[in-house]
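The values are calculated or read from the model by the stated rules, or taken from the named source; none is laboratory data. Predicted model, so just to flag it, every value in this text is computed and none were measured. Please note: Cβ atoms are built from the backbone with ideal geometry, for glycine as well, and neighbour counts cover all protein chains shown.
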C-alpha cells in the first residue's frame, strides 16, 4: 500500500528568492513550500504525498475559500504539484499534533494514512474501462505501482555506489491493465479489480484482439509456467487520448511468473514480447548506470520531455521508470513539468 501520510523528519529548510512569508522544507526527496518559521530542521511532521485526498477538517485552507469537494463521501481536496514563487512544491506538511492527538505517540517513518483517513485520489473512469467486477484484484499478482524516487533517497545514494545496471523506459499515461493465466483460468483486471467478460468492456476487447489467452495458455503448456502480463492501456477515451490513437493499444511493462512469485528480468520480458508480436513500452536504455554524481533533482529533470509516442509537438511524457537488471528493485520518476500541466 502506498504510504500517503507518514511521520517525517525535516531535513533542511531554505529560502525562496523574492519571498518573505514562505520557505521550502525538504523531507526525503520531496520539497514542500511552507509558511516561514512553521518548522525547523530536525522537527517531526506529518507529510502528505501528492495525490492524497485531504479531509477538509485537517487543512480547510486547501479549498481557498470555496466549498470543499467530495471524494468517496469525504469532503476535502486533492493534493497536486504546484509552483509557488518559482518553487515547485509537492505535498503538504502539517504539525505532528494532528497525529499525536489520535495516538499519543509517533515515530519517524510511521504510516498514519489510515489513522487520518487519507485516501489515494483517483479520477472517475468510464463504464467501458470499469466493467463488471467479478472480484478483487488477484492476491497472487502484485499490483502495478512503482515507488517514486523521492521516497527512496537513502536507496538512491546506495545504488549510485554500485555497478548495477538499469532499464529506463517511458511511463505511459493510460489505464492499468493486467491479464493472467493460472491453472487453466484466464483473467483480465483493471488496477484494482478482476473483471467479468462483457460486451463493450475495453480491457476484455483488447485482450481478445491480442489473442492473449492463447499466448498465455500455450506458454503454460510448453514452459509449464503461469504468467501475468501487466501494462498500460492507451487510446480513445483514456486520459483524453493524448497520444492521438485511433484504436486502443496495450503496451506491456512487466511479466510476472505466478508460480515462482517473481518478475521476469527485463531481458526475458523483452524476448517474450518480441517472440509473441506484442507491444513493449518505449525503452530508452537497456543497461544504464547511475552516475555517482547524479542528483535526484537531475534525475527528475531528465524525466521531463516529449513522449516518444507522439511527435515533436506531441504530448508531455509522464516520466521514466527504472528497473534493475541484477536485483528485483525499481522506481519511477514522474516529470514535474507533466504534473504542473495536469488539469
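With (1) closer than 30 Å to residue 189 by Cβ; (2) out of contact with any strand residue (DSSP E or B) (no Cβ under 6 Å at 6 or more places or on another chain); (3) modelled with pLDDT of 95 or more as the list, and residue 119 as the residue in question, which single condition is left unmet?
Every condition holds for residue 119 apart from (2).
Go through the range 222-258 residue by residue and tally those that are within 27 Å of residue 123 (Cα to Cα), surrounded by fewer than 18 Cβ atoms within 10 Å (Cβ to Cβ) and touching a helix residue (DSSP H, G or I) at 6+ places or on another chain (Cβ under 7 Å).
Qualifying residue count for the region: 1.
What number of residues in the range 284-324 are within 21 Å of residue 172 (Cα to Cα), in a loop (DSSP other than H, G, I, E, B) and out of contact with any helix residue (DSSP H, G or I) (no Cβ under 6 Å at 6 or more places or on another chain)?
So the count comes out to 12.
Answer yes if at least one residue in the range 259-275 is within 26 Å of residue 81 (Cβ to Cβ) and either surrounded by 15 or more Cβ atoms within 10 Å (Cβ to Cβ) or free of Cβ contacts under 8 Å to residues at least 60 places away in the same chain (or both), and no otherwise.
No, that holds for no residue.
Please indicate, with yes or no, whether at least one residue in the range 141-151 is outside any loop (DSSP other than H, G, I, E, B) and farther than 30 Å from residue 263 by Cα. Reasoning before the result, please.
The first filter runs over the range 141-151 and keeps only residues outside any loop (DSSP other than H, G, I, E, B), leaving 148-151.
Checking which are farther than 30 Å from residue 263 by Cα leaves us with none.
No.
Looking at 147, 158, 194, which one is in the same structural domain as residue 239 (by TED's automatic domain parsing), touching a strand residue (DSSP E or B) at 6+ places or on another chain (Cβ under 9 Å) and surrounded by fewer than 18 Cβ atoms within 10 Å (Cβ to Cβ)?
It is 147.
Restricting to the range 229-244, name every residue that is farther than 15 Å from residue 128 by Cβ and in contact with a strand residue (DSSP E or B) (Cβ under 9 Å, 6 or more places away or on another chain).
229, 230, 231, 232, 242, 243
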